[in-house]
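What follows is one structure encoded as C-alpha cells, with my remarks underneath.
The values are calculated or read from the model by the stated rules, or taken from the named source; none is laboratory data. Small disclaimer: the values here were computed from a predicted structure and weren't measured. Because the Cβ atoms are built from the backbone with ideal geometry, glycine has one as well, and the counts that use them run over all protein chains shown. Protein only, heavy atoms only, side chains kept; ligands, DNA and RNA dropped before computing areas. Shrake-Rupley method; radii C 1.70, N 1.55, O 1.52, S 1.80 Å.
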Amino acid sequence: MTDQNKSAEKPWGGRFTEPTDAFVERFTASVGFDQRLYHHDITGSVAHATMLARVGVLTDEERDTIIEGLKGVREDIEAGRFQWSVSLEDVHMNIEARLTDRIGITGKKLHTGRSRNDQVATDIRLYLRDEIDVIAEELNRLQSGLLDLAEREAATIMPGFTHLQTAQPVTFGHHLLAWYEMLVRDAERLQDCRKRVNVMPLGAAALAGTTYPIDRSITAGLLGFDRPSENSLDSVSDRDFAIEFCSFAALLMTHLSRFSEELVLWTSAQFDFIDLPDRFCTGSSIMPQKKNPDVPELVRGKTGRVNGHLVSLLTLMKSQPLAYNKDNQEDKEPLFDTVDTVKGCLKAYADMIPAIEAKADNMRVAAKRGFSTATDLADYLVKKGVAFRDAHEIVGKAVAFGVAEGRDLSEMTTDELARFSDVIGEDVFDVLTLDGSVQARNHLGGTAPEQVLAAVARARKGR
C-alpha cells in the first residue's frame, strides 16, 4: 500500500500524501478520554439523521438504517465489545467507522451537513447538561440534610467566631443555616449556568454553516435544547459554558472547603464540638488512638484541583482566534475531572452531614469562654441611656478586670460590675446568660431558636 493510500484511510486523508507520524497520531488523539461522550455523540447523531431525513437529504430508509446501526454501536460499547482505535483519533470517528462497518456506505452519509467542530461542541453540551442535573440532585440532597440537622440543633448553643476568636453566642442550627445559604447561591448559579449550556451549536458545521437545507430547530427540539445558537463562528469556538460551570464548581468547592475546615477543627480534641461517624474517618498506621476526619480533609484538598481546572480553561481560551482550534481538545479533561470531583465531594457531604452528632455540653462550655456576652452588656448599657461608644469602653474595662481575675462577666457580682457603671443593676444577669444572649436576637436572620426554626420552614417551603 502506498503512503497516499495509507493516509486515505483517515476520514480526512484525501488531502495528504503521507501517513501521520506514529507519535503525532498518539499525541493528537483524544479518544483515550473523550470516549466517555459516546452516549451523547450517538444521541446527537440520531437527531441529526432524523433531521436530515425530514428535510430530504436522507431517505427514510437511510435514516432508519443509520439509527439502527447507531443503536448497535451503542450496544457494542456498553457490552464491552467495542475496540477504541487511536488511529481514528476521537470518539466521533471511532463511532462513525464502526457504523460504516455495520451498515456499509450509508454510514458515510451521516456526517452530511456537519463537522466534528459542531459535533463535539454539541456532545459536550449534552454531556454537561446531564451532569448538571445529577449535581443539582446531590446539591439538593446536601441542602436537605443541612436543614434537618439545623432543625435538630436549633437551640444548641455554641460560640460564634470572628478571627477564630470567641465573639458572641450563636446556635449550632444558626451556624448550619449559614452553610445552607452558601449552597442556595451555588444552586442558583448552577441553574443559571444550565441555561447557557442548553443552546445547540449543531448545524454550524466547521465554522460557516452548511449549504444543505437543514432545519436546526428540528434537531434542537429532538435533543431538548432551548434553541439553536445564533452565530456559526461562535458556535464551534465557544467554551464559555464550560468555564462558567467550572467557575460554579470552584465556588461550590470553596464553600465545601470552608465547611471542611470547620469540621476538622470541631472534631479535634482542642474543640471537641462534634463527632463524625467512623465510616467517614480513618485511623493512623502508627498511632492507635487516632480518628482522622479524612473526608473533610480530602474535600478541602480537592478544592485546589478544581480551582486549577478553572484557571486551566481560562488560560486555554485566552488567546484563541476565531473559530475552532485544536487547543480546544484540551477542554475535556479539566471539565471531566471537575464534574467527577464535584459529584464525589457532594455525595460524601450529603451522606455525612445528617450523621453528625453535636456535643452540646462541650459547645456550651466553649461559649462561656472568651467573654462572649460582652456585646450584650454593652447593649444593656445603651438601653439604660449610655452612649454606645461609652458603653463599649465600660465593657472593655470590665473584660480587662475579668481577664485579670480569671472570671467571666457572668461570674462577677453586681457590685463588681457596678464599679464600671452605676446604671448596672441586678437585671444585668438576664443578658449575661448564653440563653438570654441568643434569645435576644429574635429577628429575621437572628440567632434565636425560633428564628432558626422559622428559617428552616421558609427554606423547605421555598424548595
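Could you check region 39-64 and list, in sequence order, the residues that are assigned to a helix (DSSP H, G or I) and open to solvent by 50 Å² or more (accessible area, probe 1.4 Å)? Of everything in region 39-64, those that are assigned to a helix (DSSP H, G or I) and open to solvent by 50 Å² or more (accessible area, probe 1.4 Å) turn out to be 39, 54, 60, 61, 63, 64. Within region 205-227, the set of residues being of a type in the set (Gly, Ala, Ser) and either farther than 17 Å from residue 110 by Cβ or without any contact (Cβ under 8 Å) to a residue 12 or more places away in the chain (or both) comprises 208, 209, 217, 220, 221, 224.
Do the conditions hold for residue 347, that is, is it touching a Lys or Arg at 6+ places or on another chain (Cβ under 9 Å) and open to solvent by 70 Å² or more (accessible area, probe 1.4 Å)? Criteria met by residue 347. Screening residue 447 on (1) in a loop (DSSP other than H, G, I, E, B); (2) of a type in the set (S, T, N, Q); (3) closer than 30 Å to residue 254 by Cβ; (4) open to solvent by 40 Å² or more (accessible area, probe 1.4 Å) shows it passes everything except condition (4).
Take residue 230 and tell me if it is free of Cβ contacts under 8 Å to residues at least 24 places away in the same chain and either assigned to a loop (DSSP other than H, G, I, E, B) or touching a helix residue (DSSP H, G or I) at 6+ places or on another chain (Cβ under 6 Å) (or both). It is true that residue 230 is free of Cβ contacts under 8 Å to residues at least 24 places away in the same chain and either assigned to a loop (DSSP other than H, G, I, E, B) or touching a helix residue (DSSP H, G or I) at 6+ places or on another chain (Cβ under 6 Å) (or both). Scanning region 10-38 for residues that are of a type in the set (A, V, I, L, M, F, W, C) and part of a helix (DSSP H, G or I) returns 22, 23, 24, 27, 31, 33, 37. Within the set 25, 89, 62, 18, the sole residue that is in contact (Cβ under 8 Å) with a residue 12 or more places away in the chain and at positive phi turns out to be 89. Looking across region 346-388, not a single residue is touching a strand residue (DSSP E or B) at 6+ places or on another chain (Cβ under 7 Å), under 23 Å from residue 267 (Cα atoms), in a helix (DSSP H, G or I) and among the hydroxyl-bearing types (Ser, Thr, Tyr). Looking at (1) more than 14 Å from residue 171 (Cα to Cα); (2) polar (S, T, N, Q); (3) at pLDDT below 95, can you tell me which one residue 421 breaks? Going through the list (1) more than 14 Å from residue 171 (Cα to Cα); (2) polar (S, T, N, Q); (3) at pLDDT below 95, residue 421 breaks only (3).
Looking across region 160-195, the residues that are open to solvent by 10 Å² or more (accessible area, probe 1.4 Å) and of a type in the set (Val, Ile, Thr) come down to 162, 166, 170, 184. Assess whether residue 124 counts as being open to solvent by less than 20 Å² (accessible area, probe 1.4 Å) and within 27 Å of residue 451 (Cα to Cα). Answer is no for this residue.
Selection of region 405-429 for residues being loosely packed, with under 12 Cβ neighbours inside 10 Å and not hydroxyl-bearing (Ser, Thr, Tyr) yields 405, 406, 415, 422, 426, 427. Entry remark, region 272-290: residues being touching a helix residue (DSSP H, G or I) at 6+ places or on another chain (Cβ under 7 Å) and farther than 28 Å from residue 184 by Cα number 2 in total.
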